[in-house]
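Let me begin by presenting the structure, written as structure tokens, before commenting on it.
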Amino acid sequence: MKKSFIYTRTGDKGKTSLIGGTRVPKFDIRLEAYGTVDELNAHMGLLIANMTIAEDIQFLRGIQNKLFDIGSHLATDQEKTELHKTSIILPEEIQELEQQIDIYDANLPNLKTFVLPGGTASSALAHVCRTICRRAERRILELSEKVAVSEDLICYVNRLSDFFFVLSRKLNHDSDQTEIYWDTNCK
């Protein structure tokens, strides 16, 4: 009988292997970093399931694939193994995110105050992705204090949270949903 590839039993004692073979505790900051990236990817799947515009979905699918590359980068013990070429974030990929932000933002009203998450379900989910992305960035920055992490990777994740903010606004705008603004007089 063929053994399942779903379970290996190698992590039953609380350790897992990095790319390169190094064993680390499952609570290692490296796993926190790429685990949070994985969590972001899962929430992106939920966001996409609530979207309808094919071009936006296609762009987000590209980001989901890029998040796997980022996870691979973070999971690689670079002292033992060279990064796979797809795990390297390129400046052009950051520029692509910035261009998409600019395209979306060009059609949005000027922002005059803070926006509360909400409106449409997809807009609210984009805000969830934004906050998870910010947490991933914090974990990655913490990891970068201990091991080599590409500056372009850090920049990409930072820009990605900006992208989710603008996407949330676009999704409300596309649905003719009024944005919800922070009300400083609300008690």
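The values are calculated or read from the model by the stated rules, or taken from the named source; none is laboratory data. In this text the structure is predicted, and so the values were computed from the model without any measurement. Here the Cβ positions follow ideal geometry from the backbone for every residue, glycine too, while neighbour counts run over all protein chains shown.
Structural remarks
- Here I154, I101 are screened, and the one residue that is farther than 16 Å from I70 by Cα and of a type in the set (V, I, T) is I101.
- Condition check for T120 on (1) within 18 Å of G45 (Cβ to Cβ); (2) touching a residue at least 40 places away in the same chain (Cβ under 8 Å); (3) buried (at least 19 other Cβ atoms within 10 Å of the Cβ): one failure, at (3).
- Among the residues here, I70 does not qualify as in contact with a helix residue (DSSP H, G or I) (Cβ under 8 Å, 6 or more places away or on another chain) and under 16 Å from D174 (Cα atoms).
- The residue that is farthest from F165 (Cα to Cα), among those in segment 23-50 that are outside any loop (DSSP other than H, G, I, E, B) and at pLDDT below 80, is R23.
- I154 among the β-branched types (V, I, T), crowded, with 20+ Cβ neighbours inside 10 Å and at pLDDT 95 or above: no
- C129 buried (at least 21 other Cβ atoms within 10 Å of the Cβ) and either closer than 18 Å to L67 by Cβ or out of contact with any helix residue (DSSP H, G or I) (no Cβ under 9 Å at 6 or more places or on another chain) (or both): yes
- Taking every residue in segment 65-80 that is within 15 Å of I140 (Cβ to Cβ) and modelled with pLDDT of 80 or more and pairing it with any residue that is among the small types (G, A, S) and not in a helix (DSSP H, G or I), at least 6 positions away or on another chain, the pairs with Cβ-Cβ distances below 8 Å are H73/S150.
- Considering (1) surrounded by 18 or more Cβ atoms within 10 Å (Cβ to Cβ); (2) touching an Asp or Glu at 6+ places or on another chain (Cβ under 7 Å); (3) within 27 Å of A54 (Cβ to Cβ), the lone condition that L160 does not fulfil carries the number (2).
- The set of residues in segment 163-187 being crowded, with 16+ Cβ neighbours inside 10 Å, in contact with a strand residue (DSSP E or B) (Cβ under 9 Å, 6 or more places away or on another chain) and of a type outside the set (D, E) consists of F165, S168, R169, N172.
- Screening T86 against (1) under 20 Å from N65 (Cβ atoms); (2) modelled with pLDDT of 95 or more leaves a single unmet condition, (2).
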